[in-house]
C-alpha cells in the first residue's frame, strides 16, 4: 500500500499513511475515536490500536475506489477475503471486524449512513489459545534474580513482586502513583481499562517489599523531583512499558529461564496459580479487573491442563 513520490532531487521516497489517507477518511476516523474516548474512556493503547486498524482498512478501500462512509457489504466481504489470502491470523481479523462494527454503529446512530455494512457478518472462527504461564518454581527463580543491593534492581524486584501478587497489567503497574498505595495495609488502588478502579490486596511478602522500597529506595531514584510516580526510571520519570519489558527479560536470562517471560505472563501466572490453589473464579475475575467472567474462564482451562499434566506425570496409570 506504499506508493512513491518524487522529492526535489527526483529520488523516490515512500509516502506515509498519513499522506495517502483521503481527508474524508481521516476526518471520519478522528471523529469516531474522539467520540469513543469521551463515551467509553478508552486508553491511549486501545485508541492507537483502533486508529491503526481503521487506517489500514481505509487505505485498502481507497485502492478499490471506495471510502469508509460509502461502503457496501460486498466490499467488506471482499476485504475479509483479501485478509484470508494474505494469511492473516483469524484473531487479528476478528479484532479488526470488532473495530469496524463499533465504527459503523456509531455513524449509523449519528444518521451519517443508513445501513450498517457489518450487519450479519460473522467473525472468523479461531481456536482457543491458552495463555502462556509459568510454574511456581519459575516465578520464584525470576523473583530471586534481581541484585537487590542495586537500587534499580531493588525497584525491579518490588515491581515483579507486585505483578505476581496483584495480577496487574504492565500499564497499571508503571502508572501507579504514591497516592494509590497503602503499604501498611497491603492494598493498592488500581486504575484499569476504561478508568475503572479496583482495590487489590498484595499479601505479606509483596507488601513488605513495597514498604522497604518506598522508605529506602524510591528516594534514591526520585532525587529532588516532585514526581508522584511510584516506580520511576533512572531519570526520575515514569518508566515506559518497553523499558520494563527489557528489564524483565534481563532478569529472566539471569534466572536461567528457558522461555523469557513478558509482564503479562506473570499476570497469567497470578490467575492460574490462584485457581490451582482453590480460589473462586469470581474472586479472580474481580482481582484481574475483568468486566466479563468469560474472559477469566480461560484460566480454568489452564488450571485443568496443569492438573492433567500432573496426573499423567505422577499417576501409575497416567
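Where a number appears in this text, it was derived from the coordinates with a stated rule and is not lab data. Worth saying up front: this structure is predicted, and the values here are computed from it rather than measured. No Cβ is skipped: glycine too gets one built from the backbone with ideal geometry, and neighbour counts run over all protein chains shown.
Summary of computed values
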| item | result |
| --- | --- |
| Efficiency of FRET from Cβ geometry, residue 227 and residue 30, R₀ 35 Å, rounded to 0.05 | 0.65 |
| Likely footprinting exposure, 268, 259, fewest C-beta neighbours within 10 Å first | 259, 268 |
| Ranked list, fewest to most other Cβ atoms within 10 Å of each Cβ, for 191, 265 | 191, 265 |
| Mean-position separation - Cα centroids, the stretch 71-100 and the stretch 29-49, in angstrom | 21 Å |
| Per-peptide average of other Cβ atoms within 10 Å, ordering 152-159, 87-94 highest first | 152-159, 87-94 |
| Anisotropy class of the stretch 138-231 from Cα gyration tensor, a/c 1.5 cut | oblate |
| Calculated FRET efficiency for the pair residue 260/residue 234, C-beta based, R₀ 25 Å, to 0.05 | 0.70 |
| Extension gain from residue 86 to residue 198, taking 0.36 nm per residue of separation minus the Cα-Cα distance | 36.2 nm |
| Packing-based exposure ordering (other Cβ within 10 Å, fewest first) of 243, 171, 133 | 243, 171, 133 |
| Sites residue 122 and residue 37, calculated FRET efficiency, Cβ-Cβ separation with R0 35 Å, nearest 0.05 | 0.80 |
| Protection-proxy order for peptides 115-122, 175-182, each taking the mean of Cβ atoms within 10 Å per residue, highest first | 175-182, 115-122 |
